[in-house]
Amino acid sequence: MKFLTFPTLILKDIFENLTLEQLLILSLCSKRTTYAIQAIQSRQLKKVEYIFYKLTSEDQIIVRSNWETFNVKLSTVSLKDNNIIPTELFGMKREVECCSPPSKLAPRYIYIKKDREMIMEKIHDYFYQIFGSTVYYQLESYADGFTPRLKNINCSDIILPNGTSLFDLKTFFNSSPNQEYVRIRGDLNGKLTKNSALFTTEYLDINSSKTHGDDILLAFKGISIRFQDTMFHASTIIWFLNAWKSGKGFHNLKFVSIASIPGRCLDKNKLAENVGIKSLGSPDDTFEVKWIERTNGAVDGNRNWRDRSFNPNQYLIRDNDGEVAFIRVTMFSFDFAVWSALGNPEVIDYIDMYN
Amino acid sequence: MTSPASSSEVKYLIESSEGNTFDVSGAALRQSNTFNAMFLNIGADGPIPFTDYNEATLKKVFEYCEHSVNEENYSGPKHQDDLSKWDLNFFNEMDQKMFIDVINASNFLDIERLTSYCCERIARMLRGKNTQEMIKVITLPTAEELEAKQKVEEKKAAAAKKVAEKAAETAEKTETLEELPVQQLVQTTRNKLTRKYLSFSNE
């Protein structure tokens with residue numbers, strides 16, 4: 001059946017009888033089927049809201065639209081076990097060893113393990129080309145020896161394999177700047193430059209016991225940053241608070257949380273002296289500040305949020321606009337929340353009450 | 001045949017690509033939106049020419065229309081599982097070539113119900129298949145076929161160019177024999193060359 005010689009209206013009618021998953025499989029048949037589907041059925045393609053690359057020992061990609069969700073399963077084979085008949089899937093050249101073997105279950109794609117990074121890039125480029133930039137692209141990479149280099153990702157959760165080069169990481173962040181959420185676990189293996197695209201992330205979580213977080217905090221331009229088990233110098237916190245207080249940067253920043261600092265470096269009183277932090281009456285006079293905190297990844301494409309609160313006993317007022325930040329400091333943790341971003345802004349009344 | 005569709009008894013003559021004619025009832029024909037738009041209100045003097053389609057295809061299409069005359073008004077596509085035994089037989093007894101001709105004719109005649117069932121049937125052929133299996137269903141040209149096609153086109157273009165050059169040469173000789181002012185001779189030859197080259201290229 002010379003399928004592509006059918007008139008456009010017929011092709012449209014056929015496409016409308018196919019699910020998104022079947023359309024995707026059909027689009028992989030050739031460049032011409034891809035173009036035909038893009039041209040005729042773009043309305044259906046644009047209904048895709050969320051694509052999740054879950055790269056672990058078994059890779060899979062979850063594609064979700066407002067009425068359909070399906071998985072694209074990917075497996076690697078070794079060179080010895082090579083029963084791949086190369087095709088031109090996902091816009092790859094025929095030489096690239098990737099194919100979809102016959103299966104009674106859901107279609108899956110197999111490829112040679114050594115080509116994994118390149119193949120994932122090609123697949124993502126293909127999805128980006130057909131589904132477009134309005135989709136929320138999420139990446140979860142827990143795979144050994146794999147550093148993602150996907151472009152235009154919106155949200156990523158990465159466990160860095162041992163020996164990940166800083167160059168590869170920079171390449172990834174530069175390819176996917178302005179991410180909505182990033183969580184990095186593992187050793188960064190060096191110092192990111194001040195203009196790294198990582199710092200344009202809105203919500204950033206770092207869990208890196210072998211890394212100093214100082215430069216990351218000071219270069220951060222987003223809304224919320226959290227560190228766990230990451231090394232810090234007390235002087236950095238002082239520098240940060242002074243910069244915020246004097247309005248020299250951190251205009252977007254609403255929340256900072258540094259937990260479990262190794263070495264217990266912080267001294268509450270010293271911090272108060274150096275920055276001009278004010279106390280809320282006696283140490284026991286506290287109240288609760290609450291907000292909704294962005295947390296790791298997304299569930300079915302819906303961003304993951306959770307309730308967060310702490311009981312501050314100190315605050316700082318920004319000189320130029322009177323914005324208030326509530327602060328809690330212990331020897332090994334530091335919390336900072338800007339009043340105007342809180343879920344209970346009435347707490348500002350406590351400042352008048354205690355002072 | 002004449003007369004706007006006042007009664008289902010009215011018959012219309014249909015002419016196929018072979019020039020053959022055959023009768024179709026007005027009721028069956030009225031399932032075609034193309035017919036409705038073109039002839040329903042004005043009637044038709046003589047056979048209605050649907051000469052892009054052969055007799056067998058048109059008869060098959062109107063067989064379907066005759067059968068569904070008494071069915072309720074079409075209200076969107078039905079799933080293949082909901083098709084009647086007659087419908088299933090109708091589709092199953094067609095070979096692939098006939099099936100494709102029927103789709104195209106049904107699309108031209110704008111018979112919604114038949115077109116929709118045909119499309120659903122094709123979609124059904126694609127469901128549950130992986131890419132390799134789909135490629136077999138939709139018969140994409142292989143790389144070798146594409147290469148061969150390109151070679152044929154290149155050969156054709158080369159041949160056309162050669163013929164054009166030869167024709168230009170001949171024209172030049174002929175024009176030289178005639179006694180024409182130089183400017184006019186150049187212009188005439190140029191025009192001829194352009195015309196001939198264009199006509200060969202179009203072939």
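The values are calculated or read from the model by the stated rules, or taken from the named source; none is laboratory data. Quick caveat: nothing in here was measured; it's all calculated off a predicted structure. Here Cβ is always computed from backbone atoms with ideal geometry, including for glycine, and neighbour counts include all displayed protein chains.
For A:VAL347, the criteria (1) touching a residue at least 40 places away in the same chain (Cβ under 8 Å); (2) out of contact with any Ser or Thr (no Cβ under 7 Å at 6 or more places or on another chain); (3) not in a helix (DSSP H, G or I) hold in every case but one, which is (3). Of the residues making up the stretch A:248-298, just one is closer than 20 Å to A:PHE199 by Cα and acidic (Asp, Glu), namely A:GLU293.
With the stretch A:172-280 as the region, which helices (runs of 4 or more DSSP H) entirely inside it contain at least 2 residues that are free of Cβ contacts under 8 Å to residues at least 60 places away in the same chain and of a type in the set (S, T, N, Q)?
A:234-245, A:268-275
Among the residues of the stretch A:59-67, not a single one is of a type in the set (Asp, Glu), away from chain B (no Cβ under 14 Å) and part of a loop (DSSP other than H, G, I, E, B). Only residues that are more than 13 Å from A:PHE15 (Cα to Cα) and either within 23 Å of the chain's Cα centre (by Cα) or within 8 Å of chain A (Cβ to nearest Cβ) (or both) were counted across the stretch B:118-132, and they come to 4. Among the residues making up the stretch B:88-105, a single one is in contact with an Asp or Glu (Cβ under 9 Å, 6 or more places away or on another chain) and at the interface with chain A (Cβ under 10 Å from one of its Cβ atoms): B:ASN104. Against the list (1) at pLDDT 85 or above; (2) surrounded by 17 or more Cβ atoms within 10 Å (Cβ to Cβ), the condition B:VAL137 fails is (2). Have a look at A:ASN304, A:ASN313 and point out the one that is within 16 Å of A:MET331 (Cβ to Cβ) and free of Cβ contacts under 8 Å to residues at least 40 places away in the same chain. Matching residue, one of A:ASN304, A:ASN313: A:ASN313. Within the stretch A:191-218, the set of residues being closer than 17 Å to A:TRP244 by Cα and acidic (Asp, Glu) comprises A:ASP214, A:ASP215.
The test for being under 29 Å from the mean Cα position of the chain (by Cα) and not assigned by TED's automatic domain parsing to the domain that holds A:VAL72 holds for A:LEU20.
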